[in-house]
Amino acid sequence: MRRLILFITVFFLCQKYSNSQERLKSDARIPVLAWDGIPSSETTVARYQEMKDAGITHQLSFFPNIDEMQKALDIAEKVGIQLVVSCPELKSDPENTARRFVNHPAVAGYHLMDEPSMDQFPELANWARKVQSVDNKHFCYVNLFPNVVDSTKTGTKNYRRYVSECARQIPLQFLSFDYYPVLKDRLHEGWYENLEQVSGEAKKAGKPFWAFALTTNYDDAKITPPTLAALRVQTYSNLAYGAQGIEYFTYWSATSVNAPSSEDQRGAPISVAGKRSVVYDRVKLMSEEIKNLSGVFLGSKVVWVRHMGKGMIPKGTIRLTTLPDPIKVLETNGAPVLVSLLEKGENDFLVIVNKDYYNSINLTFYGDESVKKVLKDGTIVPANIYQPSMEVDPGDAVIYLFPKTKK
């Protein structure tokens, strides 16, 4: 009897403590899109449920015809995933295709083109206007080249102009670009400059942007297979720069019939044979973190992004020299980190990303009593309950919250 009473007492104390904990508030979540998702030959409730279980909210697959697109939309609706429409009829007959899908609950938007050159923008603008003449509720989607490609592909030697002209000419709800920066021994030197360029031009245009995380091999120069740390450094860096959507490339192996490729992409979450790889579970963990932290990143405004570390910081970025008022100390002993200040409502968030995806770093951090720490499950706790010196896992992020300060 005493044991029962003790158990009941402890249970209710735990419940009271749990219910009293402060948590992030968010009415929505950061979209997580699977590029090269489930192929048309695998359109089943079980496959779409498997995708949803990995934390994916949106899918882009390339369907052979409009009827297969319809079938996938109907299945996706049952599971609760949204699809970006992509089928040949969207180009050959955009108005009637949009008319067919405008009221479908599983439609997120319409995929127009991947990696266009600037001279294709007028054609894409015309295409988008045809779709939007029927359906202005859902987005049109164009994904841009990264800044490392030759100017013969973008159509200009000025990458910022490439991005700004896309935003100006094509009626898009958001911008998107791809970059796969995680090499075997380092981050690609142009990636953070590309984030500076796209986030800057998106801000000028008054549009959000989406960005990618590599979830497959891609080629011999990339880390194989993607580790959780590699997923984190890409995802948290994108979010720290203000990305409002995360895109996984790829979900299903791109060597499948879904999208034949000569590239080595055997490390995707789902293999050519339709089996899960270890990356599936890593993507699931990453997606859960994105969901739990949507209250930090979704709808936040980037005040500034800075970099720290011994030696040179990435090209096109700015070194951190001052801290916001409530923060007294932020030291990493020369380890490379990204530091982003975001504002949302009455709060500021300080996001610190360990850019080393192989090694932990030691972070020394403390501020005044107003500073709180945001945990990975969305719980908010006083920062001073933690010791000032702590280990930050490879590629991981640490997030703090405090009342909005004068900038």
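Some notes on this structure:
- Normalising the average separation of contacting C-alpha pairs (under 8 angstrom, six or more residues apart) by the number of residues puts the relative contact order of region 32-297 at 18 percent.
- Qualifying GluC sites (Glu not before Pro) in region 336-407, where qualification requires a DSSP coil assignment and no more than 10 other C-beta atoms within 10 Å, comprise E346, E369.
- Between Y248 and L33, A34, W35, A213, the built amide H atoms are under 5 Å apart, and every one of these is 5 or more places off in sequence or on another chain.
- Candidate aspartates and glutamates for bridging to K71, where Cα separation is under 14 Å - those fewer than 8 sequence places away on the same chain excluded: E42
- Across region 67-150, Cα pairs under 8 Å and at least six residues apart give a relative contact order of 31 percent.
- Label-point separation in nm, S370 to V45, each point 7 Å along Cα→Cβ: 5.3
- Short-range pairs are left out: with C-alpha atoms under 8 Å and at least six residues apart, the relative contact order of region 301-403 is 27 percent.
- Between S92 and V134, full extension at 0.36 nm per residue minus the direct alpha carbon distance yields a gain of 13.6 nm.
- Centroid-to-centroid separation of region 287-306 and region 192-222 [C-alpha atoms, Å]: 15
- S117 paired with R319, simple spin-label distance in nm, labels 7 Å along Cα-to-beta-carbon: 4.1
- Calculated FRET value between V329 and K284, using beta carbons and R₀ = 30 Å, to 0.05: 0.25
- Once the chain from A273 to R161 is taken as fully extended at 0.36 nm per residue, the excess over their C-alpha distance is 36.1 nm.
- Those lysines that a straight Cα-Cα span of less than 29 Å connects to K328, excepting residues fewer than 8 apart in one chain: K25, K301, K310, K315, K344, K355, K372, K373, K376, K404, K406, K407
We did not get these values from a lab; they are worked out from the coordinates using the rules stated. All figures in this text were calculated on a predicted structure; none of them were measured in a lab. A quick note on method: Cβ atoms are made from the backbone with ideal geometry, for glycine too, and the neighbour counts reach across all protein chains shown.
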